[in-house]
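Quick notes on the structure that follows.
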Amino acid sequence: MEKKKTRPKRKVKSLQFGSEIDITIDLQLSEHEDEKKYPTFKMVAYTGDKISQPRFEEQIVVDLAGVDITQKSRPVLKDHNTALIVGHTTAIDNDGQTLTAEGVLSGVGEAANEVLTASQKGFPWQASIGAKAGNFKFVKAGESVTVNGREFEGPVIVARKSRLSEISFVALGADDATSATVAAEATQVETPEP
């Protein structure tokens, strides 16, 4: 009788996942109607689908039912770099199937101006969320799991708990199937004089 080769058991729950999860979003940028005329943005920050991460062989699904979003505004960065502030969120909504955000380009540096200027020239920005993820569940090949209102076939890793840290404008996100649509009218972000 031939012995069947099996994959070694993995304790996915014990994985440390302190770095960012990249998730592509749809983005729209428009003029904010307050007295300062800050440009605003709207994002579909996560579609609830599988994403690839270089640290994992399997794709990952972030369970939106377990995403912790604090009530306070979250920073909006460029390329997950805390030195490259683009703005901040004014609203984040999680309906259990998608994660959406709205905000303003309140940054005063080159990163904010780059996002705005490139948007005006038609650059198709994508975005990526930064989240601390944990409580992983590994779904084996041949098994399935329902997450975010969808059924996923294994092998896949489900991040049952995560905490949203920030959202970034990026040239390429983990899910290249979505795109960003931008319509910007402001001429520039205010930059302080030295």
By residue number, the members of the stretch 118-140 that are in contact with a Pro (Cβ under 7 Å, 6 or more places away or on another chain) and in a loop (DSSP other than H, G, I, E, B) are Lys140
Quick check, is Phe169 among the aromatic types (Phe, Trp, Tyr), assigned to a strand (DSSP E or B), open to solvent by less than 10 Å² (accessible area, probe 1.4 Å) and more than 23 Å from Lys37 (Cα to Cα)?
no
Quick one: which of Val147, Val189 is at pLDDT below 90 and crowded, with 17+ Cβ neighbours inside 10 Å?
Val189
Taking the condition out of contact with any helix residue (DSSP H, G or I) (no Cβ under 6 Å at 6 or more places or on another chain) and either more than 24 Å from Asp79 (Cβ to Cβ) or not hydroxyl-bearing (Ser, Thr, Tyr) (or both), does Gly96 pass?
no
Going by the conditions given, is Val115 assigned to a helix (DSSP H, G or I) and at pLDDT below 95?
yes
Residues of the stretch 54-84 being open to solvent by 70 Å² or more (accessible area, probe 1.4 Å) and either over 13 Å from Ile167 (Cα atoms) or among the acidic types (Asp, Glu) (or both), in sequence order, are Pro54, Arg55, Glu57, Ala65, Gln71, Lys72, Asp79, Ala83
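Regarding the stretch 85-100, can at least one residue be identified that is more than 28 Å from Phe152 (Cα to Cα), open to solvent by less than 50 Å² (accessible area, probe 1.4 Å), touching a residue at least 40 places away in the same chain (Cβ under 8 Å) and hydroxyl-bearing (Ser, Thr, Tyr)?
yes
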Starting from the stretch 48-59, take each residue that is among the aromatic types (Phe, Trp, Tyr) and part of a loop (DSSP other than H, G, I, E, B) and list its partners that are crowded, with 17+ Cβ neighbours inside 10 Å and at pLDDT 90 or above, counting only C-beta distances under 8 angstrom and pairs at least six apart or across chains.
Phe56/Ile157
Pairs needed: first member in the stretch 126-142, at positive phi; second member anywhere, modelled with pLDDT of 90 or more and not hydrophobic (A, V, I, L, M, F, W, C); C-beta distance under 6 Å; at least 6 residues apart or different chains.
Asn135/Arg160; Asn135/Lys161
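The values are calculated or read from the model by the stated rules, or taken from the named source; none is laboratory data. Just so it is clear, the model here is predicted, and its values are computed rather than measured. Please note: Cβ atoms are built from the backbone with ideal geometry, for glycine as well, and neighbour counts cover all protein chains shown. To get the accessible areas, we keep the full protein, side chains included, count just its heavy atoms, and leave off ligands, DNA and RNA. Shrake-Rupley method; radii C 1.70, N 1.55, O 1.52, S 1.80 Å.
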